[in-house]
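Written out below as structure tokens is the structure these notes cover.
The values are calculated or read from the model by the stated rules, or taken from the named source; none is laboratory data. Keep in mind that what you see is a predicted model, and the values were worked out from it rather than measured. All Cβ positions, glycine included, derive from the backbone under ideal geometry; neighbour counts span all protein chains shown.
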Amino acid sequence: MGAGRVARVHSAVLRSGVIDGIRLAAVCDVELERAEKLAAGIPAFNGLSAMVSGCPDIDAIAVLTESGHHAEHALQVLEAGKHAIVEKPVDLTNAGVDALAARERADARVAVVHQNRFNTAVVALAAALEHGALGDVVTVAAHVAWGRSEEYYRSGSWRGTRKLDGGALANQGVHHLDLLLHLFGPVAGLHALAHRMRHTIECEDTLSVLLDFAGGAQGVLQVTTATDRDYEGSLTVTGTQGFVRLAGECLNRVDRWEAAVPPPAPERDPGYSALGIPSLYGYGHVAFYRDFVDCVRTSVPFACTLAEARETVRLLNGIYDSCRVS
């Protein structure tokens with residue numbers, strides 16, 4: 001549902017033939033011509049109801065529309081009796097996520113796409129932290145420097161808007177925000193600043209936030225789209241007995257590993273280059289869909305549950321509230 005920029009990634013992965021038990025069955029978009037272009041030989045529709053009527057055997061629908069419509073559209077998917085795969089962030093509002101949580105049930109669940117959780121380096125760091133291989137975590141620093149041009153923001157009327165996009169943190173930085181909660185637990189306090197440094201948009205293109213984790217660690221997250229190109233998506237963790245820095249464009253490379261467990265092997269491109277998927281999206285979508293298939297078959301929780309995504313959205317809005325106060 002939705003045939004824009006990120007839909008091309010999902011389509012390529014689902015058509016790759018490397019994931020057993022799932023295939024792309026149809027595409028819908030409010031612009032039928034765009035849906036037909038992405039569909040390329042499979043049914044295309046101009047709306048969800050038409051797609052569900054035309055392809056009643058569909059088991060799940062990926063919601064790849066504008067961020068501000070995610071909860072609204074995912075609710076429609078659940079009401080149609082289908083599982084909803086929802087791109088990050090699951091919504092921009094706490095109320096939207098709460099409405100989804102109230103509607104989710106065993107035969108119509110929500111899986112949220114935070115594909116960087118599946119990165120080899122991130123999985124290794126999570127295991128190292130679980131085993132105390134860095135001692136107690138003292139500081140955490142996450143940095144996102146992904147360039148976005150004026151043409152990017154003008155490519156859709158929703159981009160850069162508060163209602164539908166949410167700004168650099170909600171669109172680009174939410175990957176790291178999710179991982180900070182996933183790896184280091186809840187946040188007890190924060191202080192944030194946001195500015196428009198380069199772009200003429202409604203929302204911020206640059207944001208910094210200090211985080212006081214309930215577990216005792218101090219953290220900082222900085223996100224900007226005001227640079228000329230994609231430089232990095234990094235995470236640096238300092239412990240009482242270790243130090244790890246993950247980098248690359250999207251946390252897919254180990255820059256430094258000083259821990260009581262061995263570092264992971266370098267992540268290899270699983271054919272993504274041949275599929276035409278930019279490296280900025282990481283290599284996690286194949287693993288995400290494999291997890292989705294396994295979880296549906298076995299009725300176990302998804303790798304990123306709606307309950308977890310709900311906490312990410314609450315923190316996201318808490319950061320924006322702090323920016324307005326500042």
Next item on the list: Look through 38, 48, 64 and report the one residue that is under 16 Å from residue 78 (Cα atoms), surrounded by 18 or more Cβ atoms within 10 Å (Cβ to Cβ) and free of Cβ contacts under 8 Å to residues at least 60 places away in the same chain.
Entry: 48
Notebook entry, point to check: List pairs: first in segment 196-212 and among the hydroxyl-bearing types (Ser, Thr, Tyr), second assigned to a loop (DSSP other than H, G, I, E, B), Cβ under 9 Å, 6+ apart or cross-chain?
Noted result: 200/160; 206/196; 206/197; 206/198; 206/225; 206/226
Checklist line | segment 197-220: number of residues that are assigned to a strand (DSSP E or B) and touching a helix residue (DSSP H, G or I) at 6+ places or on another chain (Cβ under 6 Å) | finding: 3
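Is segment 118-127 home to any residue that is in a loop (DSSP other than H, G, I, E, B), of a type in the set (Ser, Thr, Tyr) and out of contact with any helix residue (DSSP H, G or I) (no Cβ under 7 Å at 6 or more places or on another chain)? So that I can check it myself, show each step before the final result.
Of the residues in segment 118-127, the ones in a loop (DSSP other than H, G, I, E, B) are 119.
Of the ones still in play, those that are also of a type in the set (Ser, Thr, Tyr) are none.
No - not one qualifying residue is present in segment 118-127.
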Note to self: So residue 205 ticks every box in (1) farther than 27 Å from residue 244 by Cα; (2) within 19 Å of the chain's Cα centre (by Cα); (3) surrounded by fewer than 22 Cβ atoms within 10 Å (Cβ to Cβ) but one. Which box is left unticked?
What the structure shows: (3)
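Suppose we filter 261, 220 for residues that are at pLDDT 95 or above, within 16 Å of residue 143 (Cα to Cα) and more than 18 Å from the chain's Cα centre (by Cα); which single one remains?
Details: 261 fails: within 16 Å of residue 143 (Cα to Cα).
Step by step, each of 261, 220 is checked, and only 220 is at pLDDT 95 or above, within 16 Å of residue 143 (Cα to Cα) and more than 18 Å from the chain's Cα centre (by Cα).
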Next item on the list: Considering only segment 93-107, state which residues are surrounded by 15 or more Cβ atoms within 10 Å (Cβ to Cβ), over 20 Å from residue 171 (Cα atoms) and in contact with a Gly (Cβ under 9 Å, 6 or more places away or on another chain).
Entry: none
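Residues are listed down the side, and each one gets a yes or a no for (1) closer than 30 Å to residue 195 by Cα; (2) in the same structural domain as residue 77 (by TED's automatic domain parsing); (3) among the hydroxyl-bearing types (Ser, Thr, Tyr):
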{"position": "124", "(1), (2), (3)": "no, no, no"}
{"position": "127", "(1), (2), (3)": "no, no, no"}
{"position": "131", "(1), (2), (3)": "no, no, no"}
{"position": "148", "(1), (2), (3)": "yes, no, no"}
{"position": "153", "(1), (2), (3)": "yes, no, yes"}
{"position": "158", "(1), (2), (3)": "yes, no, no"}
{"position": "179", "(1), (2), (3)": "yes, no, no"}
Next item on the list: Would you please name the residue that is surrounded by the most Cβ atoms within 10 Å (Cβ to Cβ), looking only at residues in segment 67-83 that are aliphatic (A, V, I, L, M) and assigned to a helix (DSSP H, G or I)?
Entry: 74
Next item on the list: Residue by residue through segment 222-234, note down the ones that are surrounded by fewer than 24 Cβ atoms within 10 Å (Cβ to Cβ), touching a Leu at 6+ places or on another chain (Cβ under 8 Å) and not polar (S, T, N, Q).
Entry: 230
Checklist line | Pair list, Cβ under 9 Å, 6 or more apart: segment 175-186 residue touching a residue at least 12 places away in the same chain (Cβ under 8 Å) and more than 14 Å from residue 319 (Cα to Cα), other residue among the polar types (S, T, N, Q) and surrounded by 22 or more Cβ atoms within 10 Å (Cβ to Cβ) | finding: 175/115; 175/116; 179/116; 182/312
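So, in segment 303-326, how many residues would count as being charged (D, E, K, R) and over 18 Å from the mean Cα position of the chain (by Cα)?
Of all residues in segment 303-326, those charged (D, E, K, R) come to 308, 310-311, 314, 321, 324.
Pick out the ones that are also over 18 Å from the mean Cα position of the chain (by Cα) and you get 321, 324.
Total satisfying the criteria: 2.
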Notebook entry, point to check: Which residue out of 299, 273 is surrounded by fewer than 18 Cβ atoms within 10 Å (Cβ to Cβ), of a type outside the set (Phe, Trp, Tyr) and modelled with pLDDT under 95?
Noted result: 273
Next item on the list: Please name all residue pairs, on different chains or six or more residues apart, with Cβ atoms under 8 Å, provided the first residue is in segment 151-165 and is exposed (fewer than 14 other Cβ atoms within 10 Å of the Cβ) and the second residue is not in a loop (DSSP other than H, G, I, E, B).
Entry: none
